[in-house]
Amino acid sequence: YFNTRGSGVVAKLGTDGQVFTSTGAGLSQGFEAAAGGGKIGQIVSTLKTDTYTNTTEDSWVDVTGVTIAITPAKASSKIFVMLQMYGGVASGVTPAVKIQRDIESAGYADSIAVGATASNRQRSTAGTFYSRDGGQVQCVSAHFLDSPSYTLTDEITYKVQLYQDNTNTVRIGGSGDYGDVANQHTYPTVFTCWEVLA
């Protein structure tokens, strides 16, 4: 700890950006540069509380309201992405989700944190919401430290997409049948991006 005596005035001052440190027991205080890397530059989060339903077959579609735009403060930053959502399905449908990264100024879009290319199989971040009946709800979560290639002024958009193998209902934020009874519930979808300074 730091013990100031007499007038209580610290004996010396550091420069802008330095941190106050101990130099050892019985010695005067010190100042040194703050540790670099691993600090959080900004956090952007979206909370979706309404439900989303989809019946589109064999196509990746954006989940409405689960999108984040973030402009990193440093070109060397990484982006930690975290998703938590709940949902349900009508019987006989097996959906999946993936996280998509778009950098419009660079003219490209990529899926991140997905499985390997394997013949005709879809590349997904997480499998979702398989149930024996339309009243069940399951949680899907994913997290990934992304290393996008961008310049300092690029805005990066992260979004969640859904895929399903037939036209039966998939619902985010509630069960497949979404019955209006006391044992049915609504659930939030939380999507968050942290800028991790290098």
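The values are calculated or read from the model by the stated rules, or taken from the named source; none is laboratory data. What you are looking at is a predicted structure, and each value in this text was computed from that prediction instead of being measured. Every residue, glycine as well, gets a Cβ built from its backbone with ideal geometry; the counts of neighbours run over all protein chains shown. To get the accessible areas, we keep the full protein, side chains included, count just its heavy atoms, and leave off ligands, DNA and RNA. Shrake-Rupley method; radii C 1.70, N 1.55, O 1.52, S 1.80 Å.
Screening Thr94, Thr117, Thr4 for residues that are out of contact with any Lys or Arg (no Cβ under 8 Å at 6 or more places or on another chain), farther than 15 Å from Ile172 by Cα, at pLDDT below 95 and open to solvent by 50 Å² or more (accessible area, probe 1.4 Å) leaves exactly one candidate, Thr4.
Checked against (1) surrounded by 15 or more Cβ atoms within 10 Å (Cβ to Cβ); (2) assigned to a loop (DSSP other than H, G, I, E, B), Cys193 passes all but condition (2).
Applying the criterion of being more than 19 Å from Asp165 (Cα to Cα) and exposed (fewer than 13 other Cβ atoms within 10 Å of the Cβ) to the residues of region 120-142, the residue that is modelled with the lowest pLDDT is Cys139.
Looking across region 27-49 at every residue that is open to solvent by 90 Å² or more (accessible area, probe 1.4 Å) and assigned to a loop (DSSP other than H, G, I, E, B), the one that is modelled with the highest pLDDT is identified as Thr49. Out of the residues in region 54-77 that are touching a Lys or Arg at 6+ places or on another chain (Cβ under 9 Å), β-branched (Val, Ile, Thr) and open to solvent by 50 Å² or more (accessible area, probe 1.4 Å), state the one that is nearest to Thr186 (Cα to Cα). Only one residue tops the list, namely Thr64. Please determine, by comparing only the residues of region 78-91 that are open to solvent by 10 Å² or more (accessible area, probe 1.4 Å) and within 16 Å of Phe191 (Cα to Cα), which one is modelled with the lowest pLDDT. Among those residues, the one meeting the criterion is Tyr86. Would you call Ile99 at pLDDT 95 or above and among the hydrophobic types (A, V, I, L, M, F, W, C)? When the stated conditions are applied, Ile99 passes them.
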